[in-house]
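The values are calculated or read from the model by the stated rules, or taken from the named source; none is laboratory data. Keep in mind the model is a prediction, meaning the values are calculated, not measured. Please note: Cβ atoms are built from the backbone with ideal geometry, for glycine as well, and neighbour counts cover all protein chains shown.
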Amino acid sequence: MAESGAVYLLLPSPRSTLFPPLIKYLNLDIKISDRNDPEYKAAFPLNKAPAFKSKDGWKLHEAMAILQYIVSLKPESCKYKFYGNNEREKAKVWQWISFANSDCVSVVAGYFFHSTTEEEKKAAAVNVNKTASEFEDQLKQTKYLAGAECTLADIFCVNLFVWGLDKLFDKEFFAKHPSIHRWLREVCDHDPILSPTLKGKDATK
């Protein structure tokens, strides 16, 4: 299914970073733009990104809604199992995307942008580690978040950790969360959608 339109992003927010490589992988006719685009400002007065507008004027905002719609445009030749192999895996895919898009982004943003004192940083770090433990516990049980294969959940959620590399998710963090580190390396280095831009991405500090 072909589509013409534009997606407006706020980079490097992990709510936005998957869209450029995903659109490229699916070979879709969708322009990548940002919130400075005059067309965006006219169409989306709430100033929320990501946002999507089709060539015929149909509009959509909220990352999860846009993600679902763009995946629905995949060509018939695309064999990527975005939603896994069954309904339970599909439910898990959306569970993890929802968790990352809401709770996790808020917790990490709280550490970066809303913690000014050392005491606030420590409190925020506790929340980050509590959130990360959900990923670590799951990835001890399964290779990927929804099961044995990489899905939309993995390629969306991994951007959260890439966003915080070194500043928050450093070598010390990954030493305490080895399953997250193994998964990050696997997705960044081998996933056909993300590896062209994220291969070799890792903590250096």
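Assuming G110 fulfils every condition listed in (1) at pLDDT below 95; (2) part of a helix (DSSP H, G or I); (3) surrounded by fewer than 14 Cβ atoms within 10 Å (Cβ to Cβ) apart from one, which condition is it?
All conditions pass for G110, except number (3).
Just one of (1) surrounded by fewer than 19 Cβ atoms within 10 Å (Cβ to Cβ); (2) modelled with pLDDT of 95 or more trips up E3, so point out which.
Checking E3 against (1) surrounded by fewer than 19 Cβ atoms within 10 Å (Cβ to Cβ); (2) modelled with pLDDT of 95 or more, the one that fails is (2).
Can you pull out every residue in the stretch 45-58 that is in a loop (DSSP other than H, G, I, E, B) and within 16 Å of L11 (Cβ to Cβ)?
N47, K48, A49, P50, listed by residue number.
Taking the stretch 135-156, which residues are in contact (Cβ under 8 Å) with a residue 24 or more places away in the chain and either under 18 Å from F112 (Cα atoms) or aliphatic (A, V, I, L, M) (or both)?
L139, L145, A146, L152, A153, I155
Given the conditions (1) surrounded by fewer than 16 Cβ atoms within 10 Å (Cβ to Cβ); (2) modelled with pLDDT of 95 or more; (3) farther than 20 Å from L160 by Cα, and given that A65 satisfies all but one, which numbered condition is not satisfied?
Condition not satisfied by A65: (3).
Looking only at the stretch 161-203, which residues are touching a Leu at 6+ places or on another chain (Cβ under 8 Å), of a type in the set (V, I, T) and either exposed (fewer than 12 other Cβ atoms within 10 Å of the Cβ) or assigned to a helix (DSSP H, G or I) (or both)?
V162, I180, V187, listed by residue number.
For the stretch 59-68, does any single residue satisfy the condition of being in contact with a helix residue (DSSP H, G or I) (Cβ under 9 Å, 6 or more places away or on another chain) and in a strand (DSSP E or B)?
yes
Of the residues that sit in the stretch 25-58 and are touching a Pro at 6+ places or on another chain (Cβ under 8 Å) and over 24 Å from S102 (Cα atoms), which one is surrounded by the fewest Cβ atoms within 10 Å (Cβ to Cβ)? Step through it out loud before you land on a result.
Within the stretch 25-58, the first condition is being touching a Pro at 6+ places or on another chain (Cβ under 8 Å), and the residues that meet it are 25-27, 32.
Now restrict to residues that are over 24 Å from S102 (Cα atoms): 25-27.
Working: Y25: 17, L26: 17, N27: 13.
Result: N27.
Answer with yes or no whether K130 is touching a Cys at 6+ places or on another chain (Cβ under 6 Å), among the charged types (D, E, K, R) and over 24 Å from A65 (Cβ atoms).
No.
K143 - would you say it is assigned to a helix (DSSP H, G or I) and closer than 20 Å to F174 by Cα?
Numbers: assigned to a helix (DSSP H, G or I): no; closer than 20 Å to F174 by Cα: yes.
It is false that K143 is assigned to a helix (DSSP H, G or I) and closer than 20 Å to F174 by Cα.
Is it the case that some residue within the stretch 158-165 is closer than 26 Å to G84 by Cα, outside the structural domain of Y25 (by TED's automatic domain parsing), in contact with an Asp or Glu (Cβ under 7 Å, 6 or more places away or on another chain) and touching a residue at least 24 places away in the same chain (Cβ under 8 Å)?
So the first thing to find is which residues in the stretch 158-165 are closer than 26 Å to G84 by Cα, and the list is 158-163.
Filter once more, so that each one left must be outside the structural domain of Y25 (by TED's automatic domain parsing): 158-163.
Now restrict to residues that are in contact with an Asp or Glu (Cβ under 7 Å, 6 or more places away or on another chain): none.
Scanning the stretch 158-165, I find no residue that is closer than 26 Å to G84 by Cα, outside the structural domain of Y25 (by TED's automatic domain parsing), in contact with an Asp or Glu (Cβ under 7 Å, 6 or more places away or on another chain) and touching a residue at least 24 places away in the same chain (Cβ under 8 Å), so the answer is no.
Name the residues in the stretch 124-160 that are surrounded by 14 or more Cβ atoms within 10 Å (Cβ to Cβ), among the aliphatic types (A, V, I, L, M) and over 20 Å from C188 (Cα atoms), would you?
Hits for the stretch 124-160 are A124, A125, V128.
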